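The values are calculated or read from the model by the stated rules, or taken from the named source; none is laboratory data. Model, not experiment: these values are computed from the prediction. With ideal geometry, Cβ positions are generated from the backbone for all residues, glycine too; neighbour counts draw on all protein chains shown.
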Amino acid sequence: MAKTNAGRFFEDYKIGDVIEHAVPRTVSGGERAMYHALYPMRHALYSSDQFARDCGLPESPLDDLAAFHVVFGKTVPDVSLNAIANLGYAEGRWLQPVYEGDTLRSVSEVIGLKQNSNGKSGVVYVRTQGLNQLDDVVLEYVRWVMVRKNDLDAPAPETVVPELKTVIPASDLVIPEGLNFGAYDFTLAGEPHRWGDYEVGEVIDHVDGVTIEEAEHMLATRLWQNTAKVHFDATFRPDGQRLIYGGHIISMARALSFNGLANAQMIVGLNGGAHANPCFSGLTVKAWSEVLDKAETSAPGVGAIRLRLVATCGGEAFKLKGEDGKYLPEVLLDLDYWALMPL
Amino acid sequence: MAKTNAGRFFEDYKIGDVIEHAVPRTVSGGERAMYHALYPMRHALYSSDQFARDCGLPESPLDDLAAFHVVFGKTVPDVSLNAIANLGYAEGRWLQPVYEGDTLRSVSEVIGLKQNSNGKSGVVYVRTQGLNQLDDVVLEYVRWVMVRKNDLDAPAPETVVPELKTVIPASDLVIPEGLNFGAYDFTLAGEPHRWGDYEVGEVIDHVDGVTIEEAEHMLATRLWQNTAKVHFDATFRPDGQRLIYGGHIISMARALSFNGLANAQMIVGLNGGAHANPCFSGLTVKAWSEVLDKAETSAPGVGAIRLRLVATCGGEAFKLKGEDGKYLPEVLLDLDYWALMPL
Amino acid sequence: MAKTNAGRFFEDYKIGDVIEHAVPRTVSGGERAMYHALYPMRHALYSSDQFARDCGLPESPLDDLAAFHVVFGKTVPDVSLNAIANLGYAEGRWLQPVYEGDTLRSVSEVIGLKQNSNGKSGVVYVRTQGLNQLDDVVLEYVRWVMVRKNDLDAPAPETVVPELKTVIPASDLVIPEGLNFGAYDFTLAGEPHRWGDYEVGEVIDHVDGVTIEEAEHMLATRLWQNTAKVHFDATFRPDGQRLIYGGHIISMARALSFNGLANAQMIVGLNGGAHANPCFSGLTVKAWSEVLDKAETSAPGVGAIRLRLVATCGGEAFKLKGEDGKYLPEVLLDLDYWALMPL
């Protein structure tokens, strides 16, 4: 068994470590077709080469979250194989669209470590970058996970908790080169609502729901080459259930949010996110959004909108936390992101 | 909730309305691979570039029904979100093959309206066209659906019921430019039976069956960007079942019909069709066909054959309706189409 | 029913018969994306064009087993539609990588026949070749199946049992033109273990497991245009279960073997294989391997390793047969193959 990867434990991480994650991936139209079969994606910029060209891009890119999943999946064997929980995300930015034929790989740097007071686990902070075949960084994000210790006698490392922005300033968002919503076709995009039509504080119930299937979440998770046993092996957990990859819920909620946010075309920033409760097969996922902020950008006709995206599996829309300040049991996801929208 | 699409109600349609449906779609080899994984498709013209070239086409096109589903899916948010039933199809013609890289969009014209005597709903007739990036019409069809009224006080529109051909005359069928079955390879195609071997009135039991899975019909329906809740959300219907998109049954039956009709290569006409009974996960779909008519065409070596394609979920082959003239409960689909076959 | 394919029976085969199987197939990035969604494939050479180029290939090929399944699937309607059992494989060799855009077809020659003593069935041996659009043979293998007789009065054919190599000599393995592991990147490949690190007799428990879903094995089996009813139709077997295509287990086990054998990149020889027990939905598949042999090759930096790959659905790793010499009931697959690995 010495040749199999047991994954890293808390004591195996050092501040400043740079981990080059394995298995680069060339993406094709196959990944897009699979992604659009797995989630009810309808954003026109990611569906039509013609629409993308009319917005100044060379062709329709791979969906932003699909690119995120490809980059994220590579980090799992090195970062979260022995994770107890995925605690958070911050400072996520999409820096360049990913196109068919691009080859992605991932590199992470350990930027924070904090052993838990129980001495059995600790929190690891990594900043991950996804790079293409030209070594351009296409996206980056910070995430922190709670990881088991293997050797309980290993000394606690010096505590380093990175200072992370709770929100990416709009001025730090990177607009894809050439993007221009000046001739944006709202009819083809599916909704008439432009950036100016949304108000900070506004909430939107996205109405539609999708019941989760084992085959579907496994197809998705494998497509991103995410190897965490807990998603695939029904004998792994005592309850015989396969835990669903949190990214499956992120993509499902984002796709559902088309109905009311069809013009929130491109995701450019991930301010934060919590997988509030685990999700299992058979649950029906719905979503609602809240407009958290708005900002102008330097690109023609392009506005930025900051959105909270909440996925639920029951209960009422617009309810997030109970009186105790904790997420309600039916809340699966609370995501805070920046998207680009026509003015 | 004002920003989500509630769909149109009966009173929202006017004769002559032209609806440009949203979300154009560029298709790639990914759509074909998904389609061939979802249905047991084996028609050689749609499986092999080489076979297609030997028949005079530039390469293997996207399956005709996949192109139909892409075009149809776009109409759902505008035409059938509040539909009670999909009542029929007529005058469907495939006008040009769809190739990898083509971008499809859909446009519908309202050509008929008839309020029901109960005042609560009405029938809407639309003629839908699918167009590619060059604005060429690649296919067109008429369908009519029963749609709910929202405002029961809205006045009934003047009744207009379009005159529709019950059968497309063979002379109106469009043969793809260059199609030539003169050097058709029956061995590679899988069966020796040519156009001359089929007789009007002949029936064929296609023998094979496929048991329907939730994950598969949802993958298919999403791939066509068909958003009707009833296919995805197990909490939507009181019985907790997800209704299967009728197009899933059409494609399944067509794929099953390979066994006995391997050389009915291209679909060029849809004379009519009825989704006789709803289908749910767990049922096993089988199919049988009846030769309804035959016609010659102007293309070298190419004959046209008119077929009834019946999908069932039990019962005996070749039984369609009961003594009461109604479809038997095990009949799912009764489709009437024209295909092209080597002479 | 005369027009449907009832399949061949034992008495329909003659020594020397050459069967050109139907339905050629052009493969694209769609097939790869589907394959990687269906199995947890991570071998870098098949995931990244860049990695493949750094190993001397023009781009990332279609996974070797996916190519095998495409070729195999075409033979099913002619060879195994009336098979009672798939008995074995031998002398399998991959002769040339398959790339996007290649069109594959299959041809089989009957090389052995042996009627069973019960007079009701017999064993048919075929040598199958997969050819591309240039008529280059891309892979070949022998398999033998037990096939029903239809006419029990048909005379027994002269018994011909071909002499088959139990193991392909390393010198007969074909190394893809240009393959060079001289600059192999072990970090990107995912594991540091090179050819020299493996010892004959060494066993590896691959640790990970995947629970089998109906939708997934059917998607896979259809993608290879394998039409055997028993995989798709829950009403076909008295127990209401769909038997899983043996190739699904082969691909699943191979993918699982990444964990411990990440650098066993290319499969070039199939010495033998037994589907020891049937597999059904709901079982959880795990895998272990044993190093059977090692050999040098003429290509720079490239070694050959002969591996036993065993798939199980329970029980302990490294247990294969009981005291009676029969496979243990939890053993699904015992495969013997040659792979190429960096020195």
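So is B:Leu95 of a type outside the set (D, E, K, R), closer than 27 Å to B:Ile267 by Cα, surrounded by 22 or more Cβ atoms within 10 Å (Cβ to Cβ) and away from chain A (no Cβ under 14 Å) or not?
Values: of a type outside the set (D, E, K, R): yes; closer than 27 Å to B:Ile267 by Cα: yes; surrounded by 22 or more Cβ atoms within 10 Å (Cβ to Cβ): no; away from chain A (no Cβ under 14 Å): yes.
Spelling it out, it is not the case that B:Leu95 is of a type outside the set (D, E, K, R), closer than 27 Å to B:Ile267 by Cα, surrounded by 22 or more Cβ atoms within 10 Å (Cβ to Cβ) and away from chain A (no Cβ under 14 Å).
(1) surrounded by fewer than 24 Cβ atoms within 10 Å (Cβ to Cβ); (2) of a type outside the set (D, E, K, R); (3) under 17 Å from the mean Cα position of the chain (by Cα); (4) within 26 Å of A:Pro176 (Cβ to Cβ): which one isn't true of A:Ala287, the others all being true?
The number of the failed condition is (1).
Checking the conditions here, which among A:Ala2, A:Ala6 is surrounded by fewer than 23 Cβ atoms within 10 Å (Cβ to Cβ), within 18 Å of A:Ala228 (Cβ to Cβ) and modelled with pLDDT under 95? Full working, then the answer.
Values: A:Ala2 fails: within 18 Å of A:Ala228 (Cβ to Cβ).
It is A:Ala6.
May I ask you to list the residues in the stretch C:140-153 that are surrounded by 15 or more Cβ atoms within 10 Å (Cβ to Cβ) and not β-branched (Val, Ile, Thr)?
Correct list: C:Glu140, C:Tyr141, C:Arg143, C:Trp144, C:Met146, C:Arg148, C:Lys149.
Name the residue, out of A:Ala220, A:Ala215, A:Ala189, A:Ala183, that is touching a residue at least 40 places away in the same chain (Cβ under 8 Å), buried (at least 22 other Cβ atoms within 10 Å of the Cβ), more than 18 Å from A:Leu335 (Cβ to Cβ) and not β-branched (Val, Ile, Thr).
From the options A:Ala220, A:Ala215, A:Ala189, A:Ala183, the qualifying one is A:Ala189.
Assess whether B:Leu87 counts as being in contact with a helix residue (DSSP H, G or I) (Cβ under 6 Å, 6 or more places away or on another chain), more than 9 Å from chain A (Cβ to nearest Cβ) and not in a loop (DSSP other than H, G, I, E, B).
No: the conditions fail for B:Leu87.
Which residues, taken from the stretch C:238-256, are in a loop (DSSP other than H, G, I, E, B) and within 14 Å of chain B (Cβ to nearest Cβ)? Even if it seems obvious, please write down each step before you answer.
Let us first name the residues in the stretch C:238-256 that are in a loop (DSSP other than H, G, I, E, B), namely C:238-245.
The answer is C:Asp239, C:Gly240, C:Gln241, C:Arg242, C:Leu243, C:Ile244, C:Tyr245.
May I ask you to list the residues in the stretch B:101-134 that are over 20 Å from the mean Cα position of the chain (by Cα) and among the charged types (D, E, K, R)? Full working, then the answer.
Here is the first cut: in the stretch B:101-134, the residues over 20 Å from the mean Cα position of the chain (by Cα) are B:101, B:112-122, B:133-134.
Within the stretch B:101-134, B:Lys114, B:Lys120 qualify.
Does the stretch B:160-176 contain any residue that is loosely packed, with under 15 Cβ neighbours inside 10 Å, within 14 Å of chain C (Cβ to nearest Cβ) and not hydrophobic (A, V, I, L, M, F, W, C)?
no
Pairs please, first residue from the stretch C:233-249 and closer than 13 Å to C:Leu65 by Cα, second anywhere and part of a helix (DSSP H, G or I), Cβ atoms under 6 Å, 6+ apart in sequence or on different chains.
So the pair list comes out as C:Gly247/C:His69; C:His248/C:His217; C:His248/C:Ala220.
Looking at the stretch B:197-212, which of the residues that are more than 7 Å from every other protein chain (Cβ to nearest Cβ) and in contact (Cβ under 8 Å) with a residue 12 or more places away in the chain is nearest to the chain's Cα centre (by Cα)? Can you show your working first?
Step one: filter the stretch B:197-212 for residues more than 7 Å from every other protein chain (Cβ to nearest Cβ), giving B:197-203, B:212.
Going one step further and asking which of them are in contact (Cβ under 8 Å) with a residue 12 or more places away in the chain, we end up with B:198-203, B:212.
Working: B:Tyr198: 23, B:Glu199: 24, B:Val200: 23, B:Gly201: 23, B:Glu202: 23, B:Val203: 21, B:Ile212: 18 Å.
That would be B:Ile212.
For the stretch C:263-288, give me each residue that is under 17 Å from C:Met341 (Cα atoms) and in contact with a Gly (Cβ under 7 Å, 6 or more places away or on another chain). I'd like the intermediate steps shown before the answer.
First pass over the stretch C:263-288, keeping only residues under 17 Å from C:Met341 (Cα atoms): C:263-270.
Those that are under 17 Å from C:Met341 (Cα atoms) and in contact with a Gly (Cβ under 7 Å, 6 or more places away or on another chain): C:Gly269, C:Leu270.
For C:Lys3, work out the one condition from (1) charged (D, E, K, R); (2) within 14 Å of chain A (Cβ to nearest Cβ); (3) free of Cβ contacts under 8 Å to residues at least 60 places away in the same chain it doesn't fulfil.
(2)
Would you check which residues across the stretch B:217-237 are in contact with a Leu (Cβ under 8 Å, 6 or more places away or on another chain), within 7 Å of chain A (Cβ to nearest Cβ) and either farther than 21 Å from A:His36 by Cβ or part of a loop (DSSP other than H, G, I, E, B) (or both) and list them?
Result: B:Thr227, single match.
Taking the options C:Glu109, C:Glu59, C:Glu100, C:Glu31, name whichever one is in contact (Cβ under 8 Å) with a residue 40 or more places away in the chain, closer than 26 Å to A:Met218 by Cα and surrounded by fewer than 20 Cβ atoms within 10 Å (Cβ to Cβ).
Exactly one of C:Glu109, C:Glu59, C:Glu100, C:Glu31 is in contact (Cβ under 8 Å) with a residue 40 or more places away in the chain, closer than 26 Å to A:Met218 by Cα and surrounded by fewer than 20 Cβ atoms within 10 Å (Cβ to Cβ), namely C:Glu100.
All but one of (1) in a helix (DSSP H, G or I); (2) more than 18 Å from the chain's Cα centre (by Cα) hold for C:His69; which doesn't?
(2)
Please give the number of the condition A:Pro77 fails out of (1) within 29 Å of A:His206 (Cβ to Cβ); (2) not in a loop (DSSP other than H, G, I, E, B).
(1)
Residues that are aliphatic (A, V, I, L, M) and under 28 Å from A:Asp208 (Cα atoms): does the stretch B:99-107 have at least one?
At the first step, the residues of the stretch B:99-107 found to be aliphatic (A, V, I, L, M) are B:104, B:107.
Filter once more, so that each one left must be under 28 Å from A:Asp208 (Cα atoms): B:104, B:107.
Checking the stretch B:99-107: at least one residue is aliphatic (A, V, I, L, M) and under 28 Å from A:Asp208 (Cα atoms).
Please specify each residue of the stretch A:305-330 satisfying the condition of being assigned to a strand (DSSP E or B) and surrounded by fewer than 23 Cβ atoms within 10 Å (Cβ to Cβ).
Here is the first cut: in the stretch A:305-330, the ones assigned to a strand (DSSP E or B) are A:305-312, A:321, A:327.
A:Ile305, A:Arg306, A:Arg308, A:Lys321, A:Tyr327, listed by residue number.
Report yes if A:Leu333 is crowded, with 23+ Cβ neighbours inside 10 Å and either at pLDDT 95 or above or within 14 Å of chain B (Cβ to nearest Cβ) (or both), otherwise no.
yes
Any idea how many residues of the stretch B:66-88 are more than 21 Å from A:Asp208 (Cα to Cα) and buried (at least 24 other Cβ atoms within 10 Å of the Cβ)? Let's see the steps before the verdict.
At the first step, the residues of the stretch B:66-88 found to be more than 21 Å from A:Asp208 (Cα to Cα) are B:66-68, B:71, B:87-88.
Retained after the next criterion (residues that are buried (at least 24 other Cβ atoms within 10 Å of the Cβ)): B:66-68, B:71.
Number of matching residues: 4.
Residue-wise test of (1) farther than 24 Å from B:Ala90 by Cβ; (2) in contact with a Phe, Trp or Tyr (Cβ under 7 Å, 6 or more places away or on another chain); (3) modelled with pLDDT under 95.
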site	(1), (2), (3)
B:Lys165	no, no, no
B:Glu177	yes, no, no
B:Ile204	yes, yes, no
B:Thr211	yes, yes, no
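If only one of C:Pro300, C:Pro278 is under 16 Å from the mean Cα position of the chain (by Cα) and surrounded by fewer than 21 Cβ atoms within 10 Å (Cβ to Cβ), which one is it? First the steps, then the outcome.
On the way: C:Pro300 fails: under 16 Å from the mean Cα position of the chain (by Cα).
It is C:Pro278.
How many residues, within the stretch C:257-275, are of a type outside the set (S, T, N, Q) and either within 14 Å of chain B (Cβ to nearest Cβ) or touching a helix residue (DSSP H, G or I) at 6+ places or on another chain (Cβ under 7 Å) (or both)?
4
Quick grid of which residues meet (1) touching a residue at least 12 places away in the same chain (Cβ under 8 Å); (2) more than 12 Å from every other protein chain (Cβ to nearest Cβ); (3) under 19 Å from B:Leu179 (Cα atoms):
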{"site": "B:Arg8", "(1), (2), (3)": "yes, yes, no"}
{"site": "B:Tyr13", "(1), (2), (3)": "yes, yes, no"}
{"site": "B:Ala22", "(1), (2), (3)": "yes, no, no"}
{"site": "B:Leu45", "(1), (2), (3)": "yes, no, yes"}
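Here is a check on your reading of the model: is B:Ala287 within 14 Å of chain C (Cβ to nearest Cβ), of a type in the set (A, V, I, L, M, F, W, C) and in contact with a Leu (Cβ under 7 Å, 6 or more places away or on another chain)?
Considered against the rule, which asks whether it is within 14 Å of chain C (Cβ to nearest Cβ), of a type in the set (A, V, I, L, M, F, W, C) and in contact with a Leu (Cβ under 7 Å, 6 or more places away or on another chain), B:Ala287 comes out as yes.
Of all residues in the stretch B:127-139, which are touching a Gly at 6+ places or on another chain (Cβ under 8 Å) and either surrounded by 20 or more Cβ atoms within 10 Å (Cβ to Cβ) or assigned to a loop (DSSP other than H, G, I, E, B) (or both)?
B:Val138, B:Leu139, listed by residue number.
Kindly provide the set of residues from the stretch B:1-27 that are more than 24 Å from the chain's Cα centre (by Cα), among the charged types (D, E, K, R) and under 25 Å from B:Gly119 (Cα atoms), ordered by number.
Passing the criteria: B:Glu11, B:Asp12, B:Lys14.
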